[in-house]
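Since the structure comes first, as structure tokens, the remarks are kept for the end.
The values are calculated or read from the model by the stated rules, or taken from the named source; none is laboratory data. Since the structure is predicted, the reported quantities are computational estimates derived from the model, not experimental observations. Positions of Cβ are generated from backbone atoms using ideal geometry, with glycine treated the same way; all protein chains shown enter the neighbour counts.
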Amino acid sequence: MSVNRTMSEIATHAVATECSRESDQGLAPIQPGATLGVVGGGQLGRMFAIAARQMGYRIAVWSDEAGPAAECADVSLVADYSDVAAGQSFFAQIAALTFETEKLPLDLFRRVPAGTPIRPGIRFLEMSQNRLREKGGLQAAGLPVGPFAPVRSLAELEAGVATLGTPAILKTASGGYDGKGQIRIDAAEDLDQAWRSLNTDEAILEAFVPFVDEISVVAARDVSGQCVTYGPIHNTHRHHILDVSYCPVDLTADVRRRAVDITQRIAAEFAVVGVFCVELFVLADGRVWINEIAPRPHNSGHLTIEGHATSQFQQQVRCLCGWPVGSAEQLKPVAMANVLGDCWRSGPPDWGSVASRWPQVQWHLYGKTEPRPGRKMGHLTATAETPAAAVESVVAARQVLSHRSNEL
């Protein structure tokens, strides 16, 4: 069975499910004072909860393990997602439901009582949980993705490499993030080792994309179909983890238009109600290809908190509750730098120096108690007169935080 046909069958079932759930589009918006539910207890849930509280809502968080979102919640449930009784109790308290991670069982959402909005929605979540479904669904919709092939055996990997060539990237079809669950293949003799190392039953082989830029576009679409976008946002990675983002980006008008158009087409094609992000590659000839999508607020969109009239998390609350989207106007050039657990390796970070030397830098910590190398502990943002000046501020401040002044 082809990837596209599989995606078509999934979408047919999902559209019917989504239509029955989105019949609440004609209902009045959910008023402040109501309790909003979020599944997942990480930093994205925490920042959603902070935005929702500022807008007058109560928050209920359901996570399968203790996490930082619970600190900002009115109701916190820590229980396995398969716990039916716990789910019934949780759903009984909420007026609408969203999620902060893709790594969730779909059965959980199918147990949500009819009439409770789930946004962005089951269909979009299901597609994003599997790279083959995602790439196949986007391709079937006529959206630009790089060459890829499904891999479920060593023989299929060999066939895929014969077609796509090397270098290529072999990734698990589901799971994996920040570079985990993927292996670069440079030569045919690497195939047996690569397939055994990945230790999976289903993978995707992606042709290496000779991109010249990595960008993202964050979008928010409300129940009426109005869609606003942030960006494009420029992203740089370090060790496969997002390192620095800034906006606006110096792109040609054509590249900017293509990136925004792709994002808006995804929003309309998959009837998204909520906030999502599209990560994109810019090629040397000006083409723009989709790398992957995130059916939720995105790390690169954290800069919208200081940089834009309405943050991505405020938009998430608006869309979930049935309000019109807010303005996505950019107020000033802005940059964000992730703060990883590595910043604690020489002792507590030097927050005092940041506060005194970079008054324009804002810090956001996620409430995680155990700093580990590569773990996202928070982020820094700064606005400035130019994107370069904003980047300079957050990078310099972060280097002082981690006692690495020799890298300045």
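Counting only residues that are surrounded by 20 or more Cβ atoms within 10 Å (Cβ to Cβ) and free of Cβ contacts under 8 Å to residues at least 60 places away in the same chain, how many does the stretch 68-93 have?
Within the stretch 68-93, residues that are surrounded by 20 or more Cβ atoms within 10 Å (Cβ to Cβ) and free of Cβ contacts under 8 Å to residues at least 60 places away in the same chain number 6.
Which of the residues belonging to the stretch 94-107 are surrounded by 19 or more Cβ atoms within 10 Å (Cβ to Cβ), farther than 21 Å from residue 50 by Cβ and touching a strand residue (DSSP E or B) at 6+ places or on another chain (Cβ under 7 Å)?
Within the stretch 94-107, none qualify.
Can you pull out the residues in the stretch 318-369 that are without any contact (Cβ under 8 Å) to a residue 40 or more places away in the chain and in contact with a Gly (Cβ under 8 Å, 6 or more places away or on another chain)?
Within the stretch 318-369, 341, 363, 365 meet the criteria.
Assess whether residue 28 counts as being touching a Gly at 6+ places or on another chain (Cβ under 9 Å), modelled with pLDDT under 95 and assigned to a helix (DSSP H, G or I).
No: the conditions fail for residue 28.
Suppose we keep only residues that are assigned to a strand (DSSP E or B) and among the β-branched types (Val, Ile, Thr) within the stretch 235-260. Which one would you say is surrounded by the fewest Cβ atoms within 10 Å (Cβ to Cβ)?
236
Considering only the stretch 345-375, state which residues are closer than 22 Å to residue 66 by Cα and of a type in the set (A, V, I, L, M, F, W, C).
Selection gives 365 alone.
Restricting attention to the stretch 291-307, does a residue exist that is closer than 19 Å to residue 120 by Cα, assigned by TED's automatic domain parsing to the domain that holds residue 391, in a loop (DSSP other than H, G, I, E, B) and among the charged types (D, E, K, R)?
Yes.
For a quick check of your reading: which strands (runs of 3 or more DSSP E) sit entirely within the stretch 130-210 and have at least 3 residues that are touching a strand residue (DSSP E or B) at 6+ places or on another chain (Cβ under 7 Å), surrounded by fewer than 19 Cβ atoms within 10 Å (Cβ to Cβ) and in the same structural domain as residue 102 (by TED's automatic domain parsing)?
Result: empty, no element qualifies.
Across the stretch 114-140, what is the total count of residues that are modelled with pLDDT of 95 or more and more than 21 Å from the chain's Cα centre (by Cα)?
So the answer is 2.
Among the residues of the stretch 372-398, count how many are farther than 15 Å from residue 334 by Cα and surrounded by fewer than 17 Cβ atoms within 10 Å (Cβ to Cβ).
4
Here is a yes/no grid of residues against (1) on the phi > 0 side of the Ramachandran plot; (2) outside any helix (DSSP H, G or I); (3) in the same structural domain as residue 322 (by TED's automatic domain parsing):
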site: 56; (1), (2), (3): yes, yes, no
site: 61; (1), (2), (3): no, yes, no
site: 66; (1), (2), (3): no, yes, no
site: 71; (1), (2), (3): no, no, no
site: 85; (1), (2), (3): no, no, no
site: 93; (1), (2), (3): no, yes, no
site: 97; (1), (2), (3): no, yes, no
site: 101; (1), (2), (3): no, yes, no
site: 109; (1), (2), (3): no, no, no
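So which residues in the stretch 282-310 are of a type in the set (Gly, Ala, Ser) and more than 20 Å from residue 325 (Cα to Cα), if there are any at all?
Correct list: 284, 286.
Would you be able to tell me the number of residues in the stretch 308-340 that are within 29 Å of residue 399 (Cα to Cα), part of a loop (DSSP other than H, G, I, E, B) and touching a Pro at 6+ places or on another chain (Cβ under 6 Å)?
Total satisfying the criteria: 1.
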